[in-house]
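Structure first, commentary second.
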Amino acid sequence: MSKIEIKDLSFRYLSRTKEQNPTIFRQLNFRASENESIGIIGANGVGKSTFLRLLVGILTEYEGLLQINDLPVCRENLTAIRSRLGYVFQDSDSQLFMNTVYEDVAFGPKNQGLSDAEIQARVTKALEKTGISHLAHQPIYKLSGGQKKLASIATVLSMGTDTLLMDEPSAALDPENRELLIQILNELPGLKLIASHDLDFVYDTCQRTILLSNGIICYDGPTKDILTDQKRLEENGLRLPLSFRFRNLNS
Amino acid sequence: MNKQTQAIHNIHEADELAQRDSFLISLHPLSKLLVTIVYIMTVMSFHKYDWNGLMTMSLYLIIIMITGELSLLGALRRLKIVLMAVFFLGIANPFFDREIAYSIGAYQIRFGMISMLTLFFKAAFAVFASYILIKTTSIEDICYALQKLHVPSILITEIMLIHRYLIMMLRETQRMFQAYQLRAPGQKGIHYSAWGSFVGQLLLRSMDRAQRIHDGMLLRGFQGTFYPNIRTYRVGFSILYAALWCIAIITLRLVPLFTIIGRIVIH
């Protein structure tokens, strides 16, 4: 069972003086449980990526309580936490580092100590799910931006984690692949946290959304409510999703 | 194609060449590594004046280059800088070792010249043998062979990470160079006033990217051991290949083949 609990979380990037780096999060509270699909939205620089990086333990210098499946996020627990939590980077080039797609997708299962047959089954399934089986033996450098994104997602799916964190997953995807990703995410069980500027994507994949602003969560509730609240979105540097704008125009 | 693009292309080309479907590539990497080590050690064991004996060792390179479908010109082009550096290793020998070895008509060949050539060919043969190994074996396969030889895993991981860091750094260089050129049209290279910030930025950016990649690896369970991708190899052929080549190399070392052929031709 996947569960995230955050209580009074404060975080700032380390620097010599406090003035140089203002607080990213102040007394932040958040809770998420199994099978929820949560969108994380906010203007540039509010800390959407930082929020995800804190959850996976890339950043550990925080104050307050941050627990994944009842385990505090600290160096000692990282192996246990990461074995159940997959993270898709914003920049696919940071995610993919092996020679071919197959090798990269197999990297996680190999580190989990699975047998060769199990690794092969996991890789095949992940590639099929993301629709890139035909690219299995392609060198990574020959992939397009969208293909790299799908391969990045496959690398995480192959690990069989029950919590999925995604940073701008729809960036670089064409409409067809974007639709495919929406379908994959909607079919995928487990807890999902999706940080994105693509509000239409958030609308299509998340039932719940949190809005980050000035170091706090200023909204936490149903996605539809926040994404139709034009005033609130504009106050926080966002705009209505395009699909709603067209709907307004038509009506 | 600029130099950075060419360098990236060369690395990727080497990786792709090592993935081809050919006899040499289908062999177990340990057998190829073993033959290469035996070959290099044998080449190094020749006496500094044993020019004839050393030349017989070129047979291995010729045969492997043909069976591996490798281009000699391509190899020379890639290795020209290394070969030039190697040439300068023994350039002083003719001045110090002036004793006459042979006289051909009015020409006198000194021992220094022979030792210079021997030194050059020893190094060149070793470089070519390594080049052939790299061209016919992917970095993963080489690391797998090293793992089989019980080389410490930290060293193997280092090799694999350096290979990846090299590509990543070249890509960053390429990106920065392209960005520079697009905003400095008509300028050749990078102006010296920008060298400092260019190198500094390159270092910071490549370190930042390396950090992100490392984070990505850790998130996928990396705990310090890189598991090379193991393919299916022709084990029987590999044992035969290693055994036959080791015997052939040692035989070539013991029997001065070219001298014997020379004598037969003269008689």
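The values are calculated or read from the model by the stated rules, or taken from the named source; none is laboratory data. Since this is a predicted model, take the numbers as computed values, not measurements. All Cβ positions, glycine included, derive from the backbone under ideal geometry; neighbour counts span all protein chains shown.
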(message) Yes or no: region A:109-116 includes at least one residue that is surrounded by fewer than 22 Cβ atoms within 10 Å (Cβ to Cβ), in contact with a Gly (Cβ under 9 Å, 6 or more places away or on another chain) and among the hydroxyl-bearing types (Ser, Thr, Tyr).
(response) no
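A quick yes/no check of all residues on (1) of a type in the set (Phe, Trp, Tyr); (2) crowded, with 18+ Cβ neighbours inside 10 Å; (3) modelled with pLDDT under 85; (4) touching a helix residue (DSSP H, G or I) at 6+ places or on another chain (Cβ under 8 Å):
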site: B:Phe95; (1), (2), (3), (4): yes, no, yes, yes
site: B:Glu99; (1), (2), (3), (4): no, no, yes, yes
site: B:Phe121; (1), (2), (3), (4): yes, yes, no, yes
site: B:Tyr131; (1), (2), (3), (4): yes, yes, no, yes
site: B:Tyr144; (1), (2), (3), (4): yes, yes, no, yes
site: B:Ala184; (1), (2), (3), (4): no, no, yes, no
site: B:Gln187; (1), (2), (3), (4): no, no, yes, yes
site: B:Arg205; (1), (2), (3), (4): no, no, no, yes
(message) Tally up the residues in region B:1-55 that are farther than 23 Å from B:Asn93 by Cα and assigned to a helix (DSSP H, G or I), please.
(response) 30
(message) Residues that are facing chain B (nearest Cβ under 10 Å), at least 1 per element: which strands (runs of 3 or more DSSP E) completely within region A:37-147 meet that?
(response) A:85-88
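Name the residues in region B:11-31 that are of a type outside the set (Lys, Arg) and within 13 Å of chain A (Cβ to nearest Cβ), would you?
Going residue by residue through region B:11-31, those that are of a type outside the set (Lys, Arg) are B:11-19, B:21-31.
If the condition is that a residue be of a type outside the set (Lys, Arg) and within 13 Å of chain A (Cβ to nearest Cβ), then B:Ile11, B:His12, B:Glu13, B:Ala14, B:Asp15, B:Glu16, B:Leu17, B:Ala18, B:Gln19, B:Asp21 are the ones that fit.
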(request) Output the number of the condition that A:Ile226 fails; it satisfies all remaining conditions of (1) more than 17 Å from A:Pro169 (Cβ to Cβ); (2) in contact with a Gly (Cβ under 6 Å, 6 or more places away or on another chain). (result) (2)
(request) Output the number of the condition that A:Pro72 fails; it satisfies all remaining conditions of (1) touching a residue at least 40 places away in the same chain (Cβ under 8 Å); (2) surrounded by fewer than 18 Cβ atoms within 10 Å (Cβ to Cβ); (3) more than 19 Å from A:Gly215 (Cβ to Cβ). (result) (1)
(request) With the checklist (1) outside the structural domain of B:Met217 (by TED's automatic domain parsing); (2) in contact with a helix residue (DSSP H, G or I) (Cβ under 8 Å, 6 or more places away or on another chain) in hand, flag the one item B:Ser153 doesn't pass. (result) (1)
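Out of A:Asp204, A:Asp220, which single residue is acidic (Asp, Glu), surrounded by fewer than 18 Cβ atoms within 10 Å (Cβ to Cβ) and in contact (Cβ under 8 Å) with a residue 12 or more places away in the chain? Talk me through it step by step, then tell me what you get.
Numbers: A:Asp204 fails: surrounded by fewer than 18 Cβ atoms within 10 Å (Cβ to Cβ).
One residue alone meets the criteria, A:Asp220.
Just give me the residues in region A:23-60 being without any contact (Cβ under 8 Å) to a residue 40 or more places away in the chain and over 24 Å from A:Phe89 (Cβ atoms), in sequence order.
A:Arg31
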(request) Mind listing just one residue for me: the one in region A:117-135 that is within 21 Å of the chain's Cα centre (by Cα) and under 20 Å from A:Gly145 (Cα atoms) and, of those, surrounded by the fewest Cβ atoms within 10 Å (Cβ to Cβ)? (result) A:Glu128
(request) Just one of (1) in contact with a helix residue (DSSP H, G or I) (Cβ under 9 Å, 6 or more places away or on another chain); (2) touching a residue at least 24 places away in the same chain (Cβ under 8 Å); (3) within 12 Å of chain B (Cβ to nearest Cβ) trips up A:Ile153, so point out which. (result) (3)
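With A:Leu135, A:Leu114, A:Leu164 as the choices, which residue is out of contact with any Pro (no Cβ under 6 Å at 6 or more places or on another chain), without any contact (Cβ under 8 Å) to a residue 12 or more places away in the chain and not polar (S, T, N, Q)?
That would be A:Leu114, the only listed residue that is out of contact with any Pro (no Cβ under 6 Å at 6 or more places or on another chain), without any contact (Cβ under 8 Å) to a residue 12 or more places away in the chain and not polar (S, T, N, Q).
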(message) Given the criteria assigned to a helix (DSSP H, G or I), within 24 Å of the chain's Cα centre (by Cα) and modelled with pLDDT of 85 or more, does B:Ile249 qualify?
(response) yes
